[in-house]
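S.K.: Could you have a look at this structure, given as structure tokens, before my questions?
The values are calculated or read from the model by the stated rules, or taken from the named source; none is laboratory data. It should be emphasised that the depicted structure is a prediction, and the values quoted were computed from it without experimental measurement. Cβ coordinates were reconstructed from backbone atoms using ideal geometry, including for glycine residues, and neighbour counts include every protein chain displayed.
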Amino acid sequence: MRFFDLIEARHSVRDFKEQEVEEEKLQRILRAANTAPTAGNLQAFKIVVVRSAEKKKLLAEAALGQMFISIAPVVLVFVADIKRSAGRYSDRGRSLYAVQDATIACAYAQLAAQEEGLGCVWVGAFDEKAVAKAVRAGEGMKPIAILPLGYAAETPFPTKRRKMEDCFVREEF
């Protein structure tokens, strides 16, 4: 698919078919996330691949009861490796760069999922400690996003977007 068609076709999907995601598709999505640019090429993130019903249920509960997470065939949890980034960039690495690394990787995965014919939705509302516990994220690891993905059982309508002139400033603020 052409890039601009791809980004316009992507919409948040919260209802998934029971159909499993093929391993080849999942590997291409993970490979795409791994190509995301990162601060100092440190790649200060981990992606936890969750398929177990028990863990998906824990994640759904940790995400403030967003139970659609538990029905997705695969759930990716993007975790910032704070220590890895802080080792080179101190406070800025700890507070920003590792978070950006995980965020960009998730965005790449989201677009790759669309290219693979899968639906997904970015989940950012969750209890950070509960997610960390569910995926056994150790010290210095900070959950950033949950990305449930699978074959869409719904066709979401495009959401209304702000006007271009409301989003951009030509000069200084």
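S.K.: Evaluate region 73-81: report whether one residue or more is at pLDDT 95 or above, in contact with a strand residue (DSSP E or B) (Cβ under 7 Å, 6 or more places away or on another chain) and part of a loop (DSSP other than H, G, I, E, B).
M.R.: Yes.
S.K.: While we're looking at this one, here's another question. Filter region 32-62 for residues that are assigned to a loop (DSSP other than H, G, I, E, B) and over 25 Å from residue 154 (Cβ atoms); which is farthest from the chain's Cα centre (by Cα)? Write out each step before concluding.
M.R.: Let us first name the residues in region 32-62 that are assigned to a loop (DSSP other than H, G, I, E, B), namely 35-38, 42-44, 51-52.
With over 25 Å from residue 154 (Cβ atoms) added as a condition, the list becomes 35-38, 42-44.
Details: 35: 14, 36: 12, 37: 15, 38: 15, 42: 18, 43: 15, 44: 15 Å.
Of everything passing the filter in region 32-62, 42 is farthest from the chain's Cα centre (by Cα).
S.K.: Moving on to the next point. Of the residues 166, 127, only one is of a type in the set (Asp, Glu) and touching a residue at least 60 places away in the same chain (Cβ under 8 Å); which? So that I can check it myself, show each step before the final result.
M.R.: Numbers: 166 fails: touching a residue at least 60 places away in the same chain (Cβ under 8 Å).
After applying the criteria, what remains is 127.
S.K.: Among the residues that make up region 140-155, is at least one of them of a type in the set (A, V, I, L, M, F, W, C), part of a helix (DSSP H, G or I) and more than 18 Å from residue 37 (Cα to Cα)? If you could, list the steps in order and put the result at the bottom.
M.R.: Taking region 140-155 as the starting set, the residues that turn out to be of a type in the set (A, V, I, L, M, F, W, C) are 141, 144-147, 149, 152-153.
Narrowing the set further to residues that are part of a helix (DSSP H, G or I) leaves none.
No, that holds for no residue.
S.K.: Right, residue 54: closer than 17 Å to residue 111 by Cα, of a type in the set (D, E, K, R) and surrounded by fewer than 18 Cβ atoms within 10 Å (Cβ to Cβ) or not? Talk me through it step by step, then tell me what you get.
M.R.: On the way: closer than 17 Å to residue 111 by Cα: no; of a type in the set (D, E, K, R): yes; surrounded by fewer than 18 Cβ atoms within 10 Å (Cβ to Cβ): yes.
For residue 54, the condition - closer than 17 Å to residue 111 by Cα, of a type in the set (D, E, K, R) and surrounded by fewer than 18 Cβ atoms within 10 Å (Cβ to Cβ) - is not met.
S.K.: In region 11-26, what residues are surrounded by fewer than 18 Cβ atoms within 10 Å (Cβ to Cβ) and in a loop (DSSP other than H, G, I, E, B)?
M.R.: Answer for region 11-26, where residues must be surrounded by fewer than 18 Cβ atoms within 10 Å (Cβ to Cβ) and in a loop (DSSP other than H, G, I, E, B): 11, 15, 17, 18, 19, 20, 22.
S.K.: Pick out the one residue from 109, 98, 125, 105 that is over 20 Å from residue 39 (Cβ atoms) and not in a strand (DSSP E or B).
M.R.: Details: 109 fails: over 20 Å from residue 39 (Cβ atoms); 98 fails: over 20 Å from residue 39 (Cβ atoms); 105 fails: over 20 Å from residue 39 (Cβ atoms).
Testing whether each residue is over 20 Å from residue 39 (Cβ atoms) and not in a strand (DSSP E or B) leaves just 125.
S.K.: Here's another thing I want to ask about it. Inside region 70-100, can you point out the residues that are aromatic (Phe, Trp, Tyr) and closer than 21 Å to residue 20 by Cα?
M.R.: 78
Residue by residue, here is whether (1) loosely packed, with under 13 Cβ neighbours inside 10 Å; (2) free of Cβ contacts under 8 Å to residues at least 40 places away in the same chain holds:
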residue: 37; (1), (2): yes, no
residue: 75; (1), (2): no, no
residue: 80; (1), (2): no, no
residue: 92; (1), (2): no, yes
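S.K.: So which of 81, 91 ends up being within 20 Å of residue 131 (Cα to Cα) and not hydrophobic (A, V, I, L, M, F, W, C)? Let's see the steps before the verdict.
M.R.: Values: 91 fails: within 20 Å of residue 131 (Cα to Cα).
Residue meeting the stated conditions: 81.
S.K.: Shifting gears a bit: Would you check if there is a residue in region 86-93 being acidic (Asp, Glu) and assigned to a helix (DSSP H, G or I)? First the steps, then the outcome.
M.R.: Initially, region 86-93 is screened for residues acidic (Asp, Glu), giving 91.
Going one step further and asking which of them are assigned to a helix (DSSP H, G or I), we end up with 91.
Within region 86-93, one or more residues are acidic (Asp, Glu) and assigned to a helix (DSSP H, G or I).
S.K.: As an exercise: evaluate residue 84 against (1) surrounded by fewer than 20 Cβ atoms within 10 Å (Cβ to Cβ); (2) among the basic types (Lys, Arg); (3) over 22 Å from residue 125 (Cβ atoms) and give the number of the one condition it does not meet.
M.R.: Only one criterion in (1) surrounded by fewer than 20 Cβ atoms within 10 Å (Cβ to Cβ); (2) among the basic types (Lys, Arg); (3) over 22 Å from residue 125 (Cβ atoms) is unmet by residue 84, namely (1).
S.K.: Do we have residue 29 as touching a helix residue (DSSP H, G or I) at 6+ places or on another chain (Cβ under 6 Å), at pLDDT 95 or above, outside any strand (DSSP E or B) and under 14 Å from residue 123 (Cβ atoms) here? Quick ask: steps written out before the conclusion?
M.R.: Numbers: touching a helix residue (DSSP H, G or I) at 6+ places or on another chain (Cβ under 6 Å): yes; at pLDDT 95 or above: yes; outside any strand (DSSP E or B): yes; under 14 Å from residue 123 (Cβ atoms): no.
Criteria not met by residue 29.
S.K.: Could you check how many residues of region 104-138 are of a type in the set (Phe, Trp, Tyr) and surrounded by 21 or more Cβ atoms within 10 Å (Cβ to Cβ)? Show your work before the answer.
M.R.: Step one: list which residues in region 104-138 are of a type in the set (Phe, Trp, Tyr), which gives 108, 122, 126.
Going one step further and asking which of them are surrounded by 21 or more Cβ atoms within 10 Å (Cβ to Cβ), we end up with 126.
Count: 1.
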